[in-house]
Amino acid sequence: MKDKRQDWSEHFKYTIIYPPSPLLVQAVGYIENLHKAIDIGGGALKDSRFLLAKGFETTVIDQAQETKKIAKTISSDKLHCYTTLFVDYHFPINEFDLASAMYALPFNLPQDFDKVLINIKKTLVHGGIFVGNFFGINDGWSNRINMTFHTKKQVESFFSDFNIILLEEKEYNGKTANGQIKHWHIFNVIARRI
């Protein structure tokens, strides 16, 4: 079987110094129990470090070997790191108070997306918080067939069984982590499992 993993080393080189995602910081304010979190697509672990500092036992899944290397530099017995594609990870049921998927879910293959999102939703405890981003159909990368892009109506439907706290659509011209110009079309979501 062909390895579907991408090389993310250049991206990590830039993002390792970033502060935690403001959307994640906002979402943590809605959580009653700061016990367990999962960082889906943890990358350079900027968000995982924040979650650990908040007291969460933090599970990270990422396809990149670099994530595992960075995790070894963090001395915490509350950090658990798995190198795997999201579709191959065995998400435990009713386990996490927070599921964070910052700029991660669009990188699922279209045929894997539904399974991954269903598993993420089920991994949350009742009352748990999902926080993450989806790319819209006007995104500058929307011609990439190995990624997923959605309409606002689709994103709303993903969380029809959740209490949506925030659904924010943004469209603008900006830069990627390595400085490339890109048109961004993003949906930011914070939602609570009912």
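Which order, highest average first, do 152-162, 132-142 follow once you tally other Cβ atoms within 10 Å for each residue and take the mean per peptide?
Top of the packing list down: 132-142, 152-162.
When the chain is modelled as a GNM with alpha-carbon springs shorter than 10 Å, which of Ile181, Ile61, Ile38 fluctuates the most?
Ile181
Using the Cα gyration tensor of the chain, with a ≥ b ≥ c the square roots of its eigenvalues, what is the shape: rounded (a/c below 1.5), prolate (a/b larger than b/c) or oblate (neither)?
Taking the square roots of the gyration eigenvalues as a ≥ b ≥ c, the chain is rounded.
What accessible area per residue, rounded to a whole number of Å², is obtained for the chain using a probe radius of 1.4 Å?
Per residue, the chain has 51 Å² of solvent-accessible surface.
The values are calculated or read from the model by the stated rules, or taken from the named source; none is laboratory data. Since the structure is predicted, the reported quantities are computational estimates derived from the model, not experimental observations. We place every Cβ from the backbone using ideal geometry, glycine too, and count neighbours over all the protein chains shown. The protein model used for the area step is the full one, side chains on, heavy atoms only, and it has no ligands, DNA or RNA in it. Shrake-Rupley method; radii C 1.70, N 1.55, O 1.52, S 1.80 Å.
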